[in-house]
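Chemist: Before we start, here is the structure in question, set down as structure tokens.
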Amino acid sequence: MLHAQNLPLASPKCEYSQIVGLTKISIQYSRPSVKGRKIWGQLVPYDVTWRTGANEATVITFSDDVWLNDLRIAAGSYALYTIPHKRGEWDVILNKNSRSWGTTGFRPEDNVLSIKARSRKVPFTETFSIDIENITRTTALLVMTWEKIAVSVPIRVEVDEKVNKNITEAIKTAGDNWIIYANSAEYCLRNNIRLGEAKQWIDRALELKPNSFFPHWLKADYAALQGNFKEAIVSAEEALRLGIAESGSNFLYKQEIEKSIALWRSKIN
């Protein structure tokens, strides 16, 4: 005789996670399918709290504090409920009781968040899905999709404060590890922060690793940010020479450096 746990579930479980910035967002839920049924207004009634999936409560976990619709939510695990409405907006709810079965045990007084989220029509989706989409360094969308309806909730995470702290701590103990200086400088250049310090770290990386293309490429980027395109070209050409010497025709950044050199030349002609 087979035990129940050895049988496939009608709504299989899903464990999904995504890193946004430095924050891990994990979702555990069960995924029902349409199976020819009418979903909205029948299988899932309007104006009634829904488990947002099947079986146990859907649980969303944030490794750090996040913002949903600009409301701050503390790091932790929460049951994710929704109240579908026929038109316009749904209610999206986070509840601190993350161990219930469906809506059993759901109490509004345990809600830590209740926000409005606009629903929209989408192409048919057979199996219910929760995804993290449109990911940037600091933002993403929590998207719930089933049948021909999708609902999205904006997510925002803190990045700069954490990165600045991480960089500061890494630099304190970097010693002669040139790659720490180079990586820290690269992040600052890409995000236009701490540029004065970035220049010092580039110089230190060049001192420690003068024959690597990477510090020269960073020096070129820094010069370009300062509008010193002639200096940027000189450093980029040295980065290109060293990169080809290191990797030959397989040098990964060859086209990127050549493209930047051409751009900078156009700015001084």
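Chemist: Given (1) open to solvent by less than 40 Å² (accessible area, probe 1.4 Å); (2) over 25 Å from residue 33 (Cα atoms); (3) under 24 Å from the mean Cα position of the chain (by Cα), where does residue 136 come up short, assuming only one miss?
Modeler: With (1) open to solvent by less than 40 Å² (accessible area, probe 1.4 Å); (2) over 25 Å from residue 33 (Cα atoms); (3) under 24 Å from the mean Cα position of the chain (by Cα) applied to residue 136, the lone miss is (1).
Chemist: Name the residues in region 145-156 that are open to solvent by 10 Å² or more (accessible area, probe 1.4 Å) and touching a residue at least 24 places away in the same chain (Cβ under 8 Å), would you?
Modeler: 147, 148, 149, 152, 154, 156
Chemist: Then there is this: Filter region 42-96 for residues that are basic (Lys, Arg) and more than 16 Å from residue 153 (Cα to Cα); which is modelled with the lowest pLDDT?
Modeler: This residue is 87.
Chemist: Select from region 96-118 the residues that are farther than 25 Å from residue 13 by Cβ and under 28 Å from the mean Cα position of the chain (by Cα) and write down the one among them that is surrounded by the most Cβ atoms within 10 Å (Cβ to Cβ).
Modeler: If we take residues in region 96-118 being farther than 25 Å from residue 13 by Cβ and under 28 Å from the mean Cα position of the chain (by Cα), then 115 is surrounded by the most Cβ atoms within 10 Å (Cβ to Cβ).
Chemist: Within region 54-108, track down each residue that is of a type in the set (Gly, Ala, Ser), over 22 Å from residue 42 (Cβ atoms) and in contact with a Leu (Cβ under 8 Å, 6 or more places away or on another chain).
Modeler: Matches in region 54-108: 79 only.
Chemist: Another one. Return yes when residue 51 is more than 24 Å from the chain's Cα centre (by Cα), within 14 Å of residue 129 (Cα to Cα) and open to solvent by less than 80 Å² (accessible area, probe 1.4 Å) and no when it is not.
Modeler: Here the answer is yes, as residue 51 does meet what is asked.
The rows are residues; the columns are (1) farther than 22 Å from residue 264 by Cα; (2) buried (at least 20 other Cβ atoms within 10 Å of the Cβ).
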site: 172; (1), (2): yes, no
site: 179; (1), (2): yes, no
site: 209; (1), (2): yes, no
site: 217; (1), (2): no, yes
site: 231; (1), (2): no, no
site: 240; (1), (2): no, yes
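Chemist: Take region 181-207 and flag every residue that is among the hydroxyl-bearing types (Ser, Thr, Tyr) and either open to solvent by 40 Å² or more (accessible area, probe 1.4 Å) or under 16 Å from residue 228 (Cβ atoms) (or both).
Modeler: 187
Chemist: Quick one: which of 45, 8, 12 is open to solvent by 30 Å² or more (accessible area, probe 1.4 Å) and within 24 Å of residue 111 (Cβ to Cβ)?
Modeler: 45
Chemist: Then there is this: Check 189, 263 and return the single one that is at pLDDT 95 or above, closer than 28 Å to residue 136 by Cα, in a helix (DSSP H, G or I) and under 27 Å from the mean Cα position of the chain (by Cα).
Modeler: Going through 189, 263 in turn, the sole match is 189.
Chemist: Between a first residue in region 169-186 that is touching a residue at least 24 places away in the same chain (Cβ under 8 Å) and a second residue that is surrounded by 20 or more Cβ atoms within 10 Å (Cβ to Cβ) and polar (S, T, N, Q), which pairs have beta carbons less than 7 Å apart while being 6 or more apart in sequence or on different chains?
Modeler: Filtered contacts from region 169-186: 171/184.
The values are calculated or read from the model by the stated rules, or taken from the named source; none is laboratory data. Keep in mind the model is a prediction, meaning the values are calculated, not measured. Counting neighbours? That spans all protein chains shown, and the Cβs are built from the backbone with ideal geometry, glycine included. The protein model used for the area step is the full one, side chains on, heavy atoms only, and it has no ligands, DNA or RNA in it. Shrake-Rupley method; radii C 1.70, N 1.55, O 1.52, S 1.80 Å.
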